[in-house]
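**Student:** This is the structure I want to talk about, given as structure tokens.
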Amino acid sequence: MKRAEKMKKKKGKWWKIPLILLALLVVGGGVYLYTIYAGAKSTVDDKMHQKVASIDHEAAKKKLNQEEPLNILLMGVDERKGDRGRSDALMVLSLDPANDRSQLISIPRDTRTTLVGDDPKAGIKDKINHAYAFGGTNMSIQTVENFLDIEIDYYVQMNMQGLSEMVDAVGGITVNNSLDWYDSGYYKKGYHYEKGKITLNGPKTMGYVRMRYQDPNGDFGRNERQRQVIQAIIDKGASISSVSRIGEIMDVLGNNVTTNMNFSTMKNILLNYRSAQQNMTTYQMTGKGTKIDGTYYLLVSDQEVQEVHNMIMEYNS
């Protein structure tokens, strides 16, 4: 399949970003940043802001101030008690304000690559989502940079459990379900996901976005359901009816999101990079599934990696 055939364009929408924070800032920024400016600033700077050693923050700030293209790593993290967890979703968002365009590239979680970072596991080949399990945010950033031969300027990381809390915070969501199935995996509570338009609360949402084995499209189908949920959260959260819930929504963000963006950086991106939303392209990397020593991996060809590198560099030029 040609690259152009696998790419999709969404004009005027940012819901393809599978992390709530950045989507809220860009799509619903007017409501969330200006209605409760002081509260939002406190939440971001005091609870969410966290620098990492793997990113040159001065270089990123210089790019931001000069309105140059930016690469932002978006991570959905599956955190568990007594376990750091793994990155359930990895995406690189490239913003090119000069040409009024943006690009979101999804990296499959089972992609086999060399892990890079300050950890004994550095140098081995493993699933790319294990980088977070071994070395946290820093190792995830360094591994993605090495895999695609690019530079990451900012990151946004969200605990995937925050999706459940956010859905309840906005009062539930409605999605259009393309498959009919009963939950037998994540919650095992027998939730019935009927085909067609369905309403979800927080716990039922988690079953909806976790399922993959009953989906003929596997991880690709799950990724699409994650994007559906984000769209529904954005539509519901940005509506006038949710204004009274803003405090609860900000609490959820503060408890589930970390990023090296402070409030000033977010405002800058909102105000000076919003033209990039006029032409958004999404792309999901592909490969061949195989088992090595009994473990399933997705082997992405060197050609595919080079093509994706070129796609990102085109937006960075």
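**Student:** How many residues, within the range 251-284, are under 15 Å from the mean Cα position of the chain (by Cα) and of a type in the set (Phe, Trp, Tyr)?
**Tutor:** Adding up the residues that qualify gives 1.
**Student:** A further question follows. Residues that are modelled with pLDDT of 90 or more, over 14 Å from the mean Cα position of the chain (by Cα) and closer than 19 Å to residue 161 by Cα: does the range 134-141 have at least one?
**Tutor:** So in the range 134-141, the residues modelled with pLDDT of 90 or more come out as 134-141.
Now drop any that are not over 14 Å from the mean Cα position of the chain (by Cα), which leaves 134-136, 138-139.
Okay, now just the ones that are also closer than 19 Å to residue 161 by Cα, so 136.
Taking every residue of the range 134-141 in turn, at least one turns out to be modelled with pLDDT of 90 or more, over 14 Å from the mean Cα position of the chain (by Cα) and closer than 19 Å to residue 161 by Cα.
**Student:** Right, next: Taking residue 87 as meeting all but one of (1) modelled with pLDDT of 90 or more; (2) buried (at least 23 other Cβ atoms within 10 Å of the Cβ), write down the number of the exception.
**Tutor:** Just one mismatch for residue 87, condition (1).
**Student:** Here's another thing I want to ask about it. Report the residue count in the range 149-167 for those that are in a helix (DSSP H, G or I) and among the acidic types (Asp, Glu). Give the derivation first.
**Tutor:** If we filter the range 149-167 for residues that are in a helix (DSSP H, G or I), which is where we start, we get 161-167.
Those still in the list that are among the acidic types (Asp, Glu) too: 165.
Going through the range 149-167 one residue at a time, the tally reaches 1.
**Student:** If you check 286, 199, which single one turns out to be within 22 Å of residue 109 (Cβ to Cβ) and either at pLDDT 75 or above or basic (Lys, Arg) (or both)?
**Tutor:** Numbers: 199 fails: within 22 Å of residue 109 (Cβ to Cβ).
Exactly one residue qualifies, and that residue is 286.
**Student:** Check the range 184-205 and report whether any residue there is buried (at least 22 other Cβ atoms within 10 Å of the Cβ) and not in a strand (DSSP E or B). Don't jump to the end; show me each part of the working.
**Tutor:** Kept after step one, since they are buried (at least 22 other Cβ atoms within 10 Å of the Cβ), are these residues of the range 184-205: 200, 205.
Next cut, not in a strand (DSSP E or B) only: 205.
Checking the range 184-205: at least one residue is buried (at least 22 other Cβ atoms within 10 Å of the Cβ) and not in a strand (DSSP E or B).
**Student:** Still on this model: Out of (1) in contact with an Asp or Glu (Cβ under 8 Å, 6 or more places away or on another chain); (2) of a type outside the set (D, E, K, R); (3) surrounded by fewer than 23 Cβ atoms within 10 Å (Cβ to Cβ); (4) closer than 24 Å to residue 310 by Cα, the odd one out for residue 129 is which?
**Tutor:** Failed condition: (3).
**Student:** For residues that are more than 21 Å from the chain's Cα centre (by Cα) and either part of a helix (DSSP H, G or I) or not charged (D, E, K, R) (or both), tally how many sit in the range 36-76.
**Tutor:** The qualifying residues number 14.
**Student:** If you don't mind, another one. For the range 114-148, how many residues are part of a loop (DSSP other than H, G, I, E, B) and either among the aromatic types (Phe, Trp, Tyr) or in contact (Cβ under 8 Å) with a residue 60 or more places away in the chain (or both)?
**Tutor:** Start the filter on the range 114-148 by keeping residues that are part of a loop (DSSP other than H, G, I, E, B), which leaves 115-124, 128-129.
Add one more test, that the residue is either among the aromatic types (Phe, Trp, Tyr) or in contact (Cβ under 8 Å) with a residue 60 or more places away in the chain (or both), and what stays is 117.
Of the residues in that region, 1 qualify.
The values are calculated or read from the model by the stated rules, or taken from the named source; none is laboratory data. The structure presented is a predicted model; accordingly, all values stated were derived computationally and were not measured. Heads up, the Cβs are rebuilt from the backbone with ideal geometry, glycines too, and the neighbour counts pull from every protein chain shown.
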